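Below you'll find the structure, written out as structure tokens, and then a few comments.
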Amino acid sequence: MAKSGTLDLARGMGGSVRKEDVKSTVDQYVKYHDLHGGEKELRKSNYADLANKYYDLATGFYEYGWGDSFHFAGGWQGETLRECTKRHQHFIALQLGLRKGMKVLDVGCGIGGPLIEIARFSSTLITGLNNNDYQISRGKELIFSAGLSEQCCFLKGDFMNMPIADNTFEAAYALQATPHAPDAQGVYSEIYRVLKPGKYFALDEWCLTDWFDPSNARHLAIKAEIELGDGLPDIRTTRQCVQAMNDAGFEVIFAKDLAEDFPCPWYRMMDPNKLSLTSFQCTRPGRIMTRAIVNILEFLHIAPAGSVEIYNFLQSASEGLLKGGREGIFTANFFILGRKPLKETEILNGSL
């Protein structure tokens, strides 16, 4: 199960980074970003280091606040966070038409929460691709605890250059992981390469919507907050992602902002004024308590120096996501279903 206790939080801070190096890693991480003098092209050229530093620093907080599934989902009245995320994972499995025994790739699998749920739901064989050693180690612990070691596995690798043979998998999905890629077409092309002809790829992306105005200073500030708080080199528009899927060779079956389908928005857990016993850490009292705990743990040297700074940039993410979602300029649930044609000429001809 995910680590949700105070001591678990303290032990998880910094991931695979040595405790004495956490503060310097935080300093290096924030300097990548616009709000601290960084530049987009620097983040893109160092995307792997950016993402690895981010997840080493943030994963402990993610588990403490979210559990084992690090993604957003819209919801219905009365649903808990856990219920929303599980339903969204089932939606992905159903869109892909998963069946027992199929070989499936989870691109950017985190610590394996979605992988475990989808494997149980569909009885498929799932490989989780991840480039972060700490998350892989946590994921292996979780699949062992779930009794799924024969059904699920992890593979260390860069999703821009996967250590996987062509035409290996019968389905693939990416749950809000590919925003870390420096180039959308590049990562989608790699997924296309390892997918068997005729098979499907389900993509859940973080995107700027048509309401985003690149000349609006407030919009740019919100974008920068999200990038800082979530380890992103840049944020693409919905149109850019659809075009990149086409350019990678996929037949786009449909593309839609799933946020439009639910009365409870994906960003509701970012609202500190929303009271919830099941997501207490996300409420205003929960955040005050968490910040106090982190301060005390760092002061007592139980948590490493730099822990409060990690908490601060994660709060920046929360604020940016909430503002971006409320103003309609950003969505965390832009869904694209793509299919790799059976033949190279199929997508050009529009038929088999």
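Table for the structure above
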quantity	calculated
Selection within the stretch 145-173 - within 22 Å of His71 (Cα to Cα) and out of contact with any strand residue (DSSP E or B) (no Cβ under 7 Å at 6 or more places or on another chain)	Ser145, Ala146, Leu148, Asp158, Met160
Count - residues of the stretch 255-276 that are at pLDDT below 95 and in a strand (DSSP E or B)	1
Number of the exception - Asn131 against (1) over 22 Å from Ile310 (Cα atoms); (2) in contact (Cβ under 8 Å) with a residue 60 or more places away in the chain; (3) touching a Gly at 6+ places or on another chain (Cβ under 7 Å)	(1)
Sole exception among (1) more than 19 Å from Val194 (Cβ to Cβ); (2) out of contact with any strand residue (DSSP E or B) (no Cβ under 6 Å at 6 or more places or on another chain); (3) surrounded by 23 or more Cβ atoms within 10 Å (Cβ to Cβ) for Phe121, by number	(3)
Residues (surrounded by fewer than 21 Cβ atoms within 10 Å (Cβ to Cβ) and closer than 18 Å to Gly112 by Cα) located in the stretch 72-96	Leu81, Arg82, Glu83, Lys86, Arg87, His90, Phe91
Evaluation of Ser69 against (1) of a type outside the set (D, E, K, R); (2) at pLDDT 95 or above; (3) surrounded by 23 or more Cβ atoms within 10 Å (Cβ to Cβ) (one fails), failing number	(2)
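The values are calculated or read from the model by the stated rules, or taken from the named source; none is laboratory data. What you are looking at is a predicted structure, and each value in this text was computed from that prediction instead of being measured. Positions of Cβ are generated from backbone atoms using ideal geometry, with glycine treated the same way; all protein chains shown enter the neighbour counts.
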